[in-house]
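To start, the structure itself, in structure tokens.
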Amino acid sequence: MQADNSTTIREFSSIPNIPWEERPADSSEVVWRYSANPIIPRNLIPSSNSIFNSAVVPYNGAFAGVFRCDNRKREMNIHRGFSPDGIHWKLEDQPIEWHTGDPELAKFEHRYDPRVTWLEDRYYITWCNGYHGPTIGIGYTFDFEHFYFIENAYLPYNRNGVLFPRKVNGKYLMLSRPSDRGHTPFGDMFMSHSPDLIYWGEHRFVMQPNSGWQSTKIGAGPTPIETSEGWLLFYHGVLTSCNGFVYSFGATLLDLDQPWKVIYRTAPYLLSPQTIYECVGDVPNVAFPCAALYDQPSGRLAIYYGGADTVTALAFCRIDEVVDFIRKNSEL
Ligand code: BMA
């Protein structure tokens, strides 16, 4: 299918300086961890208790991002950051200030788990926004200097709002996971359509928890990536153990023209919390992806994920291998 703005998408998909490390010689993993993880420690900036579940994009030949920083009062907010190589980051100590004409929207409850998506002519940011409970806030920036808050997309309660990087059939698309005010012991993924990124409707069911690592709830991760086999979407899945929730991630391929239709979905996880920085922290046993960089010419992918709600980590894979794995290990 022809992209609405194929030139922009193609240019954006070429990241020759994508962070990268080859799979270790003794590993057969489809997704492997960066050997110097975590790349962002919890105390990178003076105000932070933890920095995790964050999103990055290529920017001006280097990288920029929006980062979930919980501060030392344990308030959740989003900070901007920049990096020459996608690995070593400088983050602003102060949270992003959002321009909005509506004082009602400016009231702060919390902001967390941002995603960032290059769409048409700017970087859109979606996040879990506190407005009488969690919902999905949508904003944008052109330059990572000035940030504009558009609106809340849905009624509360909702989490994990993830935009598609282009219109499909003339409409903007967003994945989300209706939830509750608390720690939500359930959760299916839905997709909504919008003509203008303000009004959202035509809600379609995408998929539900099934078994094992994804038996309690699921939620979209990074911005979906367009491939000839379908939209590649990494998503987190949650298992309820005697010791609480365990967050792993897998991937699915969604139909290119009707992306609420699931073609394949991983039965085994791609990555589950197994290292010390995924198993030990403020919330143990969490690997939570919010961004993936994709260098189309080389097929290399770099996935950014939060470890144990405390630090930010990096993992790598190759698009052909991951697509092949999803197809061969799929249970719908
Ligand atoms: C979810 C979100 C994530 C977090 C996860 C594990 O509900 O709040 O930010 O990583 O729980 O605590």
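The values are calculated or read from the model by the stated rules, or taken from the named source; none is laboratory data. For clarity, every value in this text was computed on a predicted model and none was experimentally measured. Glycine gets a Cβ as well: all are built from the backbone with ideal geometry, and neighbour counts include every protein chain shown. Areas reflect the complete protein model, heavy atoms only, side chains present, ligands, DNA and RNA absent. Shrake-Rupley method; radii C 1.70, N 1.55, O 1.52, S 1.80 Å.
Listed values, structure above:
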quantity	calculated
Solvent-accessible heavy-atom area per residue, rounded to whole Å², over segment 64-198 at 1.4 Å	41 Å²
For segment 74-90, 3J(HN,Hα) per residue [Karplus equation, 6.51 cos²θ - 1.76 cosθ + 1.60, θ = phi - 60°, Hz, x = Gly/Pro]	6, 8, 9, 8, 10, 10, 8, x, 9, 8, x, 10, x, 10, 9, 10, 10
Contact order relative to length of the chain, as percent, for alpha carbon pairs under 8 angstrom and 6 or more apart	17 percent
Segment 155-199, relative contact order [Cα under 8 Å, separation at least 6], %	36 percent
Percentage, to the nearest whole number, of Cα pairs in the chain over 26 Å apart	41 percent
Descending semi-axes in whole angstrom, ellipsoid equivalent of segment 157-247, from the Cα gyration tensor	26, 16, 9
Whole-angstrom Cα spans of segment 1-155 along principal axes, big to small	54, 43, 27
Estimated 222 nm signal from helices in the chain, with DSSP H stretches of n ≥ 4 weighted -39500 (n - 2.57), rounded to 500	-2000 deg cm²/dmol
Carbon plus sulfur fraction of accessible area for the chain, probe 1.4 Å, in percent	51 percent
Positive-end residue of A36, A55, G307, charge dipole of the chain with Cβ unit charges	G307
For segment 297-332 and segment 193-250, distance of Cα centres in Å	14 Å
Per residue accessible area of segment 215-280, 1.4 Å probe, in Å²	33 Å²
Proximal lysines to K90, defined as alpha-carbon separation beneath 22 angstrom and excluding residues fewer than eight positions away on the same chain	K73
Proximal lysines to K167, defined as alpha-carbon separation beneath 23 angstrom and excluding residues fewer than eight positions away on the same chain	K261
